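Trainee: Mind having a look at this structure? Questions to follow.
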Amino acid sequence: MKFEIKHRFSGTVLFSLETENLRLCVEAAIKFGVDLSGANLSGANLSGANLSGANLYGANLSGANLSGANLYGANLYGANLSGADLYGANLYGADLSSAQLSGAIGYNPHKTDPLLMLRDQPGNICAYKLVKPDGLAPFNGGITYEIGKSYEVADASTDENIQCAAGINLATLPWCMHQWQYGYRILIAEFTAQDIAAIPLGNDGKFRVFRCKIVGEKDLKEIGLIE
């Protein structure tokens, strides 16, 4: 039987093969180095498949059976994994940034998300806040942040299935540097584990807190953003 892997939006055939099942077709595509970014694999039975190192950037894997699959080092950035069965899947080293994981079965974020360590930190913790020159956040800015002042959003969203929502959004330094544009500033925010509202599933380095205090500002020259 001939199996085809199509792009989720354009319908373009990314790979096709005469074989016994779709799992073998997908494994062959990966073996031959086929770029499967944006592939439509919704509902596919890929149980036990070897998908190590696969480029599944933005792929639709909603409802797919990935139980026991080897996804070591796979690029799943922005992939739709909502409702997928991930029980026993090897996700070590996989990039799940911005992936949709709502309703995924058997997914253990503690195996893939280093930001969860923030919940176990005693005392004060520092992270970063990217702002424009005037202190407003570049995305949905509503608060003007100033050094030495404390801020609170009591109704910050605690829904970890949502990447961006109400709250004070903080991030890792690499996230801020990646989003930085000329003129932007990177502030240092202090908070505690109890102040965390949500560490979204599949986050790319950003999370939300109820409250924080701006205690400083990064030297952009020191971190190589300006000369």
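The values are calculated or read from the model by the stated rules, or taken from the named source; none is laboratory data. Bear in mind the structure is a predicted one, so any value in this text is a computation, not a measurement. Because the Cβ atoms are built from the backbone with ideal geometry, glycine has one as well, and the counts that use them run over all protein chains shown. Heavy atoms of the whole protein, side chains included, go into the accessibility calculation; ligands, DNA and RNA do not. Shrake-Rupley method; radii C 1.70, N 1.55, O 1.52, S 1.80 Å.
Trainee: Which condition does Cys176 not pass, out of (1) open to solvent by 60 Å² or more (accessible area, probe 1.4 Å); (2) in contact with a strand residue (DSSP E or B) (Cβ under 9 Å, 6 or more places away or on another chain); (3) within 20 Å of Pro114 (Cα to Cα); (4) not in a strand (DSSP E or B), if it passes all the others?
Mentor: (1)
Trainee: Please verify whether region 142-158 includes one or more residues that are within 20 Å of the chain's Cα centre (by Cα) and open to solvent by 50 Å² or more (accessible area, probe 1.4 Å).
Mentor: yes
Trainee: Now for a different question. What number of residues in region 129-184 are closer than 27 Å to Ser102 by Cα and touching a Ser or Thr at 6+ places or on another chain (Cβ under 8 Å)?
Mentor: Residues in region 129-184 being closer than 27 Å to Ser102 by Cα and touching a Ser or Thr at 6+ places or on another chain (Cβ under 8 Å): 5 in total.
Trainee: Which pairs turn up if I take residues in region 142-171 that are closer than 16 Å to Glu190 by Cα and look for partners that are open to solvent by 70 Å² or more (accessible area, probe 1.4 Å) with beta carbon separation below 6 Å, at least 6 apart in sequence or on another chain?
Mentor: Ser150/Lys213; Glu152/Arg211
Trainee: Quick check on this structure: which one of Tyr87, Tyr92 is within 24 Å of the chain's Cα centre (by Cα), aromatic (Phe, Trp, Tyr) and at pLDDT 95 or above?
Mentor: Tyr87
Trainee: Can you confirm whether region 24-37 contains a residue that is without any contact (Cβ under 8 Å) to a residue 40 or more places away in the chain and under 29 Å from Ala171 (Cα atoms)?
Mentor: Yes, that holds for at least one residue.
Trainee: Would you call Gly224 surrounded by fewer than 21 Cβ atoms within 10 Å (Cβ to Cβ), in contact with a strand residue (DSSP E or B) (Cβ under 7 Å, 6 or more places away or on another chain) and more than 19 Å from Asp134 (Cα to Cα)?
Mentor: no
Trainee: Determine if region 62-80 includes at least one residue that is outside any loop (DSSP other than H, G, I, E, B) and of a type in the set (Phe, Trp, Tyr).
Mentor: Taking every residue of region 62-80 in turn, none turns out to be outside any loop (DSSP other than H, G, I, E, B) and of a type in the set (Phe, Trp, Tyr).
Trainee: Kindly indicate the residue of region 81-103 that is out of contact with any Ser or Thr (no Cβ under 7 Å at 6 or more places or on another chain) and in a strand (DSSP E or B) and also surrounded by the most Cβ atoms within 10 Å (Cβ to Cβ) among those meeting that condition.
Mentor: Asp95
Trainee: Name the residue that is most open to solvent (accessible area, probe 1.4 Å), counting only residues in region 1-58 that are basic (Lys, Arg) and outside any loop (DSSP other than H, G, I, E, B).
Mentor: Filtering region 1-58 for residues that are basic (Lys, Arg) and outside any loop (DSSP other than H, G, I, E, B), the one most open to solvent (accessible area, probe 1.4 Å) comes out as Lys31.
Trainee: So for region 104-127 (the condition being assigned to a strand (DSSP E or B), in contact (Cβ under 8 Å) with a residue 40 or more places away in the chain and open to solvent by less than 70 Å² (accessible area, probe 1.4 Å)), does at least one residue qualify?
Mentor: Yes, region 104-127 contains at least one residue that is assigned to a strand (DSSP E or B), in contact (Cβ under 8 Å) with a residue 40 or more places away in the chain and open to solvent by less than 70 Å² (accessible area, probe 1.4 Å).
Trainee: Look at region 132-170 and say how many of its residues are under 28 Å from Leu81 (Cα atoms) and among the small types (Gly, Ala, Ser).
Mentor: Looking only at that region, the number is 5.
Trainee: When the residues of region 182-221 are narrowed to those that are hydrophobic (A, V, I, L, M, F, W, C), assigned to a loop (DSSP other than H, G, I, E, B) and open to solvent by less than 30 Å² (accessible area, probe 1.4 Å), which ends up farthest from Glu146 (Cα to Cα)?
Mentor: Looking at residues that are hydrophobic (A, V, I, L, M, F, W, C), assigned to a loop (DSSP other than H, G, I, E, B) and open to solvent by less than 30 Å² (accessible area, probe 1.4 Å), I get Ile199.
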